[in-house]
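One structure is given below, encoded as C-alpha cells.
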Amino acid sequence: MTLLNQTHFPLMAGTTYTITITSDSGIVAIFTINQDGVPASITLSDYSETVGSAAGSYSIVVTCPDDLSWTGIDGVFSSPSPNSGTGSQTVIINYEENTSPDSRVDVLTFSGSGVSADFTLTQVGAGAPLVASASSDKDVYSLLQTTQLLNYFQKATMYLP
C-alpha cells in the first residue's frame, strides 16, 4: 500500500484533491480533500504618511498570502515600486517635488483577489509652516513660511557693522 503525505503531496490553497489508495488485496479507498485556503487579505505596514515638499521616497510592506497576486495603482504625484507582485514584499513609494505652496494628497491602492488596502500620502507645500524648538519644550516658535525666515536673516545682516 502506498501512503501519500504532505511532504510528497503538498496541498495548495483553494484546491480539491482526490486520493485513491489500493491495497495489495485489491481494496480501493477514495478520499477527497477540499482545501478552502487562506482568506484573501492585503494589509500595509503603514496606511498614511506626511512628507516634506522635496521629492523623495517612503517604504512600506505589503502583507498578503504567498499565492495572492496584487497590483499597486499609481497616484497623481506618487507611484509604488514594484507596482505588482505575489505575496508579501517591501514597496518603495516614490513621490515628486511639490512646488506649490499648497499641501496635496495622493491615495495609492493595492489590490488583488477582490481585496484592497489604501495608502494615503500627504505632501506639504513648498514654503509650508516651519516649526523650530529652542532648548526647552516651552520655547517653540512657529514661522509662517520658510521664506519669511530667510527674509528676516537677510534684513538682519544688512544692519550688522
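No value in this document is a laboratory result; all are computed from the given coordinates. Bear in mind the structure is a predicted one, so any value in this text is a computation, not a measurement. Here the Cβ is made from the backbone with ideal geometry for all residues, glycine too, and neighbour counts use every protein chain on show.
Taking segment 45-80, which residues are small (Gly, Ala, Ser), over 10 Å from the mean Cα position of the chain (by Cα), in a strand (DSSP E or B) and within 11 Å of residue 108 (Cβ to Cβ)?
78, 79
Among the residues of segment 81-95, count how many are in contact with a Gly (Cβ under 7 Å, 6 or more places away or on another chain), within 11 Å of residue 110 (Cβ to Cβ) and in a strand (DSSP E or B).
Residues flagged as in contact with a Gly (Cβ under 7 Å, 6 or more places away or on another chain), within 11 Å of residue 110 (Cβ to Cβ) and in a strand (DSSP E or B) within segment 81-95 amount to 2.
Within segment 46-74, track down each residue that is more than 25 Å from residue 103 (Cβ to Cβ) and of a type outside the set (A, V, I, L, M, F, W, C).
Passing the criteria: 63, 65, 66, 67, 69, 71.
Can you tell me which condition residue 26 does not meet? The list is (1) touching a Ser or Thr at 6+ places or on another chain (Cβ under 9 Å); (2) exposed (fewer than 13 other Cβ atoms within 10 Å of the Cβ); (3) over 30 Å from residue 127 (Cα atoms), and all the others hold.
(1)
Might you check whether a residue that is within 12 Å of residue 121 (Cβ to Cβ) and among the acidic types (Asp, Glu) occurs anywhere in segment 49-64?
Yes, there is a match, as at least one residue in segment 49-64 is within 12 Å of residue 121 (Cβ to Cβ) and among the acidic types (Asp, Glu).
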